[in-house]
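Working notes, structure below.
Where a number appears in this text, it was derived from the coordinates with a stated rule and is not lab data. What you see is a predicted model, and the numbers here were worked out from it, not measured in a lab. Ideal geometry is used to build each Cβ from the backbone, glycine not excepted, and the neighbour counts take in all protein chains shown.
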Amino acid sequence: MATYEPNLPRIFGALSDPTRLAVVERLVKGPASVSELSDPFDLARPSFLKHLRVLEEAELVTSVKSGRVRTVSLAPDALGWVEAWVGEHRRALEGRLDRLETFLGQEQ
């Protein structure tokens, strides 16, 4: 079994929801207030805050409250583990495909 960051299942779980994925995609552009983030969605504020809590628990986002405004930011290197995991699996698959290509070339 491959080794991976213990938080990786939580990260993938958080990103599997379309609302949370859209929030992360928006935060790639830069920090935003909770109001800005929730505007595109037809969700009650408590429901939207649950989505943000899932993202925070997965360590994908951080938030800071200043007065009455809570600003949410993408966590530094938030997607680094995902990138590393995908890269590792891509290299393994490419290696198998290269060996298959070599094998098929020898058969001809």
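Among Glu94, Glu36, Glu59, determine the one that fluctuates most according to a GNM of the chain built with springs between C-alpha atoms less than 10 Å apart. Judging by the Gaussian network model, the answer is Glu94. Each Cα pair under 8 Å and six or more residues apart adds its sequence gap; the mean of these over the residue count of the chain is a relative contact order of 28 percent. Once the C-beta distance of Leu49 and Asp77 is scaled by a Förster radius of 30 Å, the resulting FRET efficiency is 0.80 to the nearest 0.05. Helix 18-27 and the longest principal axis of the Cα set of the chain meet at an angle near 80°. Take the Cα pairs of segment 53-92, get the Kirkwood Rh, then feed it into Stokes-Einstein at 25 °C and 0.890 mPa s and tell me D in µm²/s. It diffuses with D of about 210 µm²/s by this estimate. Among the listed options (i) -0.52, -0.63, -0.87, -1.23; (ii) -0.41, -0.55, -0.86, -1.22; (iii) -0.36, -0.50, -0.83, -1.31, the one matching log10 I(q)/I(0) by the Debye sum over Cα atoms at q = 0.12, 0.14, 0.18, 0.23 Å⁻¹ as calculated from these coordinates is (i). Here the gap between Ala92 and Ser66, fully extended at 0.36 nm per residue and compared with their Cα-Cα distance, gives a gain of 4.7 nm.
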